[in-house]
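The values are calculated or read from the model by the stated rules, or taken from the named source; none is laboratory data. It should be emphasised that the depicted structure is a prediction, and the values quoted were computed from it without experimental measurement. We place every Cβ from the backbone using ideal geometry, glycine too, and count neighbours over all the protein chains shown. Note: areas computed on protein heavy atoms with side chains; ligands, DNA, RNA excluded. Shrake-Rupley method; radii C 1.70, N 1.55, O 1.52, S 1.80 Å.
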Amino acid sequence: MAHVSHPARRRVPGRFLPRALAVLLLAAGCIGAAQAEGRIRIAQQFGIAYLILDVVRDQQLIEKHGKAAGQPIEVDWASISGATGMNEALLAGALDVVSAGVPPMLTLWDRTRGKQDVKAVAALGSLPNYLITNNPDVRTLKDLGPKDRIAVPAAGVGFQSRTLQIETARQFGRDDFKRFDTLSVSLPHPDATAALIAGGSEITTHFSSAPFYYQALEGNKAVHKIIGSYEILGGPATFNVLYTTRKFHDENPRTYKAFYAALAEAAEWIRAHKAEAADTFIRVQKSKLPPAFVRKIVEDPENDFTIVPQKTFVYADELHKLGVIRQRAGSWKDYFFEEAHAAPGS
């Protein structure tokens with residue numbers, strides 16, 4: 001598959017962050033303004049990992065659950081690429097709920113304790129990321145050399161880099177956990193995928209999420225897997241999460257409850273309607289991927305679109321040991337709001 005799907009919706013890249021935040025703040029009215037119950041502003045990123053939110057949006061499930069509880073809810077959706085933009089917009093008061101990988105959420109939880117008290121709302125699914133390469137000489141991490149370049153969305157700090165750091169510490173020792181940061185290059189998934197398929201560029205390796213690693217493995221027979229996040233974390237593990245501030249959680253109880261119920265309904269619906277869920281992704285994200293290809297991803301047993309957190313505590317524990325986060329969590333419930341606590345999370 002030579003064509004690499006780029007999201008049709010407008011990205012908000014990091015270098016344009018101030019202007020993007022200004023737009024969001026104008027839409028919000030003003031920073032930190034009191035907000036009446038019945039409005040929620042949500043931002044998501046791009047790709048199949050956000051399928052639960054696509055279903056929530058497409059079926060207007062937040063509005064549905066709000067109406068059932070006698071609380072009309074206005075829902076505003078935004079699209080931002082990257083955890084940095086998400087976190088800054090949340091702390092600025094321009095958004096109520098944002099989405100990103102587990103490590104960026106934990107970083108914000110760590111830095112806002114006793115202040116904004118950011119915590120996770122729910123998981124968005126357990127989906128693996130694959131470290132893949134087109135270099136035939138690279139079969140393990142130890143084979144990566146100075147000429148290899150590893151593409152990741154956010155070098156050194158994002159989900160992929162933090163996951164790689166955990167495995168690097170395991171194989172090379174904690175003092176050397178940033179060994180591969182010097183080989184890492186910040187590059188969006190579609191661009192990295194195109195580079196791996198085409199070959200001939202400095203990008204030989206990519207820590208990739210769905211649907212991109214599927215495309216790379218099909219698009220170039222030389223591309224192969226080195227290791228996956230499930231192997232690093234010890235089994236199926238949450239990729240992305242939704243998170244918000246204590247202020248929004250406490251001051252909007254009916255809206256928050258409707259939101260959580262909408263997420264739960266969307267996850268159950270996806271489990272029972274996988275082909276229709278794939279069609280929803282294509283429609284909402286305006287994807288140009290073939291429907292059969294998207295259905296293959298949604299139906300892959302490795303991908304579980306669940307709101308129950310899985311193995312997030314591995315990140316909390318390991319990143320604390322590496323000094324990336326200062327606070328030591330006692331369990332996953334320390335950084336998830338209480339509505340999620342009844343689930344068999346980890």
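Here are a few things to note about the model shown:
- Here Lys142 is the anchor, and the aspartates and glutamates within straight C-alpha reach of less than 12 Å, apart from those fewer than 8 places off in the same chain, are Glu167.
- Length-normalised contact order for segment 129-222 - Cα pairs under 8 Å, 6+ apart - percent: 41
- Measuring between alpha carbons in the structure, the pairs from Lys67/Lys257; Lys119/Lys333; Lys64/Lys288 lying more than 20 angstrom apart are Lys64/Lys288.
- The listed residues Thr245, Thr182 rank as Thr182, Thr245 when sorted by accessible area, largest first, using a 1.4 Å probe.
- Sum of -39500 (n - 2.57) over DSSP H runs of 4+, divided by residues of the chain (222 nm, nearest 500): -12000 deg cm²/dmol
- Percentage relative contact order, segment 185-341, counting C-alpha pairs under 8 Å, at least six apart: 18
- Convex hull projection area averaged over all views, the chain, Cα basis, nm²: 16.3
- For Lys286, the lysines whose Cα comes closer than 21 Å to its Cα, not counting residues fewer than 8 places off in the same chain, are Lys274, Lys296.
- Listed by chain and number, the lysines whose alpha-carbon sits under 22 Å from that of Lys147, ignoring those within fewer than 8 places in the same chain, are Lys178, Lys221, Lys225.
- Sulfur and carbon atoms: percent of accessible area, segment 58-182 [1.4 Å]: 45
- Rounded to the nearest 20, the Cβ-based charge dipole of segment 141-205 about its Cα centre (Lys and Arg +1, Asp and Glu -1) stands at 160 debye.
- Tail weight of P(r) past 20 Å, computed on alpha-carbon pairs of segment 216-346, percent: 60
- Per residue, the convex hull spanned by the alpha carbons of segment 43-164 comes to 137 Å³.
- Ordered by 1.4 Å accessible area with all protein chains kept, Ile42, Ile197 run largest first as Ile197, Ile42.
- Taking Cβ atoms as reference points and 13 Å as the exclusive limit, the residues near Ser201 contribute a net charge of -1, counting Lys and Arg as +1 and Asp and Glu as -1.
- Applying both filters, DSSP loop and at most 16 other Cβ atoms within 10 Å, to the trypsin sites (Lys or Arg not before Pro) of segment 53-157 gives Arg113, Lys115, Arg139, Lys147.
- Separation between Cα centres of segment 37-96 and segment 218-275, rounded to whole Å: 14
- Entry note, the chain: relative contact order of 27 percent, from Cα contacts under 8 Å with a spacing of 6+ residues.
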